[in-house]
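The values are calculated or read from the model by the stated rules, or taken from the named source; none is laboratory data. Predicted, not measured: the structure shown is a model, and the values here were computed from it. Every residue, glycine as well, gets a Cβ built from its backbone with ideal geometry; the counts of neighbours run over all protein chains shown.
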Amino acid sequence: MTPTLEDRYLHKKLREQLVEELKGKGIVDQAVLNAIGKTPRHYFLDMAFDKIAYEDRAFPIEANQTISQPYTVAFQTQLLQINKGDKVLEIGTGSMYQTAILAALGAHVYTIERQQALVDKTNQFKLLTENQYENIFFFYGDGFLGLPTLAPFDKIIITAAAPNVPEKLWEQLKVNGIMVIPVNETETTQRMFRLTKTSNGMAKKETFEEFSFVPMLSGKGDK
Ligand code: SAH
């Protein structure tokens with residue numbers, strides 16, 4: 001099934017409610033809330049999810065992956081402190097919803113996905129929306145490697161459960177740049193880190209709450 005590209009009054013109302021819910025859960029960055037308020041999440045889900053797309057929940061997408069919960073998307077985006085024109089590397093395109101939120105904030109987003117089916121789908125979606133998302137660039141590959149030829153990046157966001165901070169990604173971050181990454185803490189949960197690169201290449205590390213992501217896997221493929 002394909003997503004419905006009709007943004008109706010009901011969707012807008014449900015989005016307003018979602019924004020209020022996220023405020024209640026502690027999201028304070030108004031620019032992030034505005035981006036959530038104007039991005040039709042139901043576009044990134046199958047039609048079967050049309051009515052429930054604005055519940056604050058993760059849902060299954062193709063290739064046994066998930067679209068992140070809106071709270072998680074808002075939380076990670078808020079930590080990234082996006083400025084218009086930021087060059088952002090995202091690992092784990094998935095449904096492209098997080099990607100679209102970054103783009104709505106004026107970032108230039110370079111996003112990598114290891115599942116070919118998801119890359120194809122997001123490319124088609126970009127065409128369907130008549131280049132509304134011209135500041136998004138999709139890559140099929142292994143996110144552990146990043147995009148060395150396009151580095152350095154102002155910001156890097158990882159949207160899958162990372163075993164550690166991948167060294168190659170750290171190298172591709174600018175000095176004063178920010179990386180937001182959920183790192184495995186137990187078998188099922190990750191601790192959200194915000195790492196800021198200092199002038200000597202070290203990290204200023206801040207830790208936040210626990211989340212639960214699908215795993216970050218190496219290589220390309222359908223596993
Ligand atoms: N931001 C997405 C989250 C999708 S779930 C959304 O909200 O829809 C995480 C995604 O990371 C999955 O699609 C998974 O295939 C992808 N992924 C896992 N390991 C990866 C890797 N090494 N490189 C690129 N993508 C990866």
Would a scan of the range 26-37 turn up a residue that is in contact with a helix residue (DSSP H, G or I) (Cβ under 9 Å, 6 or more places away or on another chain) and within 13 Å of the ligand (Cβ to nearest atom)? yes
Does Tyr43 count as among the aromatic types (Phe, Trp, Tyr), surrounded by 20 or more Cβ atoms within 10 Å (Cβ to Cβ) and in a loop (DSSP other than H, G, I, E, B)? no
Subset of the range 5-28 [surrounded by fewer than 17 Cβ atoms within 10 Å (Cβ to Cβ) and not in a helix (DSSP H, G or I)]: Leu5, Glu6, Asp7, Arg8, Lys25, Gly26, Val28
Given the conditions (1) in contact (Cβ under 8 Å) with a residue 40 or more places away in the chain; (2) within 25 Å of Met216 (Cα to Cα); (3) assigned to a helix (DSSP H, G or I); (4) within 14 Å of the ligand (Cβ to nearest atom), and given that Leu79 satisfies all but one, which numbered condition is not satisfied? (4)
Subset of the range 102-129 that is hydrophobic (A, V, I, L, M, F, W, C) and closer than 20 Å to Glu6 by Cβ - its residue that is farthest from the ligand (Cβ to nearest atom): Leu127
Determine whether the range 58-70 contains at least one residue that is more than 30 Å from Lys168 (Cα to Cα), aliphatic (A, V, I, L, M) and not in a helix (DSSP H, G or I). no
If you check Gly141 against the conditions, is it in contact (Cβ under 8 Å) with a residue 24 or more places away in the chain, within 16 Å of the ligand (Cβ to nearest atom), of a type outside the set (Val, Ile, Thr) and loosely packed, with under 15 Cβ neighbours inside 10 Å? no
Looking at the structure I just gave you, is Tyr97 hydroxyl-bearing (Ser, Thr, Tyr), away from the ligand (no atom under 13 Å from the Cβ) and closer than 26 Å to Gly24 by Cβ? no
Odd one out for Thr149, checked against (1) modelled with pLDDT under 95; (2) away from the ligand (no atom under 15 Å from the Cβ); (3) farther than 18 Å from Pro40 by Cα: (1)
Six or more apart or on different chains, Cβ under 6 Å: which pairs go from a residue in the range 122-137 that's over 17 Å from Arg41 (Cα atoms) to one that's not in a strand (DSSP E or B)? Could you list them? Asn135/Ala103
